[in-house]
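Undergrad: Below you'll find the structure I mean.
The values are calculated or read from the model by the stated rules, or taken from the named source; none is laboratory data. Every value quoted in this text rests on a predicted model; they were computed, and no experiment measured them. When we count neighbours, we look across all protein chains shown, and the Cβ atoms used for this are built from the backbone with ideal geometry, even at glycine. Note: accessible area is taken over every heavy atom of the protein model, side chains too, but ligands, DNA and RNA are not part of it. Shrake-Rupley method; radii C 1.70, N 1.55, O 1.52, S 1.80 Å.
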Amino acid sequence: MSEILFIKTSSLGDVVHHMPAVTDARRHLPDARFTWVVEEPYAPLARLHPGIDTVIPVASRRWRSRLHRPETWAEIGRFRKALRAHHYDSVVDTQGLMRTALIARGARGVRHGYDTASIREPLASFFYDVRHQVEWRCHAIPRNRMLTGRALGYEPASEIDFGLDRSRIAGAPRDPYALLIHATARPEKEWPQGYWFSAAQALLARGLAVVLPWGSDAERDRSDELAAALGSGEVPERRPLDQVAALIAGASVVIGVDTGLLHVAAALGVPLVGIFVGSEPGLTGPLGSGPIAVVGGKGVIPDAAEVLRAVDRVIEEAR
């Protein structure tokens, strides 16, 4: 039985974008055993993919600020032990950063990655045993699929399949709701709060409850502020990613800015409206099997009416 190690550690959108490559690999190597190294907050999501046998969490972001603590070095030692517990037929680093190339170097097996012309951090290429040329200016999903296919000896199929079953992941049925992903770590990607209020009011008038997830204290404040202004709206407690995925899977529609949860919604096939304000969707926009509309663009701020027209289109397409 072949042993394959994938390295795609972060961020959330990148992890989601690697899932179709996992689906491809499982179809072409049905008897292989697949292990995935991923940052610990994203491990619950990686475990949702039925093609993955083992997840090895890594905590490099947390460790960086705690290197003075003995328990941090103990954790690093346990990670290295888990990483080297098996000899892998192929180690595939689709991240292409120095930190992930160093993880690949610590694993036992033939290490595959991008060549120097195809990678974000060219120095990382020198840590791979086999280097592959992959088109640079294309969406992240086909880049991951092409690299994985070349490393494992097959050509990816044309259909994108994230491997996630929305009906299985969604929680218990509840009244119809819209999930509004307003939070992003980059201020230039934010949609004005006044537009969110106008859109949420219209959704409530159409019989949809409004759910406002968050990921940081500042984002929770924005959710609370919007819910208070509406006189309605659910602000859920912070949850692990598999539970957030269940909340997304149960939504009638998701409206969100360019951030990781938007890609989770696309992967689950939920009717989706992506609002792009400070970035272009061509290279990292949402792709999936469900109805998707993208409005705005870098430096172009759509108003609430344009977003609501897009909401109507994707809901109608889903019927």
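Undergrad: May I ask you to compute the full-extension gain from Ala218 to Trp73, defined as 0.36 nm times their residue separation minus their alpha-carbon distance, rounded to one decimal in nm?
TA: Full extension from Ala218 to Trp73 adds 49.1 nm.
Undergrad: Right, another one. Take Arg309 and Asp165, extend 7 Å from each Cα along the Cα→Cβ direction, and tell me the distance between the two endpoints in nm.
TA: Label-label distance for Arg309 and Asp165, simple model: 4.0 nm.
Undergrad: Can you give the direction-averaged projected area of the convex hull of the alpha-carbon atoms in the chain, in nm²?
TA: 16.7
Undergrad: Something else: Counting only DSSP beta bridges with both residues in the chain, what percent are antiparallel, rounded to the nearest 5?
TA: The antiparallel proportion sits near 5 percent.
Undergrad: Hey, another quick one. Any aspartates and glutamates with Cα under 14 Å of the Lys8 Cα? List them, leaving off those in the same chain fewer than 8 positions away.
TA: Hits, sequence-local ones excluded: Glu39, Glu40, Asp93.
Undergrad: To the nearest 10 square angstrom, what accessible area does His28 show with a 1.4 Å probe?
TA: His28 exposes around 90 Å² with every protein chain in place.
Undergrad: Sticking with this one: Can you tell me the relative contact order of the chain? Whole percent, Cα pairs under 8 Å, sequence separation 6 or more.
TA: About 16 percent, as a whole number.
Undergrad: Sort 143-150, 310-317 for me by packing, meaning the mean count of neighbouring Cβ atoms within 10 Å per residue, highest on top.
TA: 143-150, 310-317
Undergrad: Another question, if that's okay. So how much accessible area does Arg131 have, in Å² to the nearest 10, using a 1.4 Å probe?
TA: Approximately 110 Å² for this residue.
Undergrad: Under 23 Å Cα to Cα from Lys298, which lysines show up? Leave out anything in the same chain fewer than 8 places away.
TA: Leaving aside lysines fewer than 8 places away in the same chain, those within reach of Lys298 are Lys189.
Undergrad: Under a 10 Å cutoff between Cα atoms, tell me which one of Gly77, Gly106, Gly269 has the largest fluctuation in the Gaussian network model of the chain.
TA: Fluctuation is largest for Gly77.
Undergrad: Using Cα atoms only, what is the angle between the long axis of helix 193-205 and the major principal axis of the chain, expressed in degrees (0 to 90) to the nearest 10?
TA: Compared with the principal axis, the helix lies near 70 degrees.
Undergrad: Further, regarding this structure: Give me the accessible area of Thr116, 1.4 Å probe, in Å² rounded to the nearest 10.
TA: About 70 Å², rounded to the nearest 10.
Undergrad: What list of ³J(HN,Hα) values in whole Hz, one per residue of region 135-148 in order, does the Karplus curve 6.51 cos²θ - 1.76 cosθ + 1.60 (θ = phi - 60°) give from phi, with Gly and Pro shown as x?
TA: Taking θ as phi minus 60°, the curve returns 3, 7, 9, 9, 4, 4, 5, x, 4, 4, 5, 5, 4, 5 Hz for region 135-148.
Undergrad: Where does each of Trp196, Trp214 land when they are ordered by accessible area, with a 1.4 Å probe and the largest first?
TA: Heavy-atom accessible area, descending, gives Trp214, Trp196.
Undergrad: Could you work out which residue, out of Arg105, Arg66, Arg80, moves most in a Gaussian network model of the chain, that is, has the largest mean-square fluctuation with Cα springs under 10 Å?
TA: With Cα springs under 10 Å in the chain, the top fluctuation among Arg105, Arg66, Arg80 is at Arg66.
Undergrad: Can you give me the C-alpha center-to-center distance between region 1-75 and region 179-218, rounded to a whole angstrom?
TA: Answer, in whole Å: 30.
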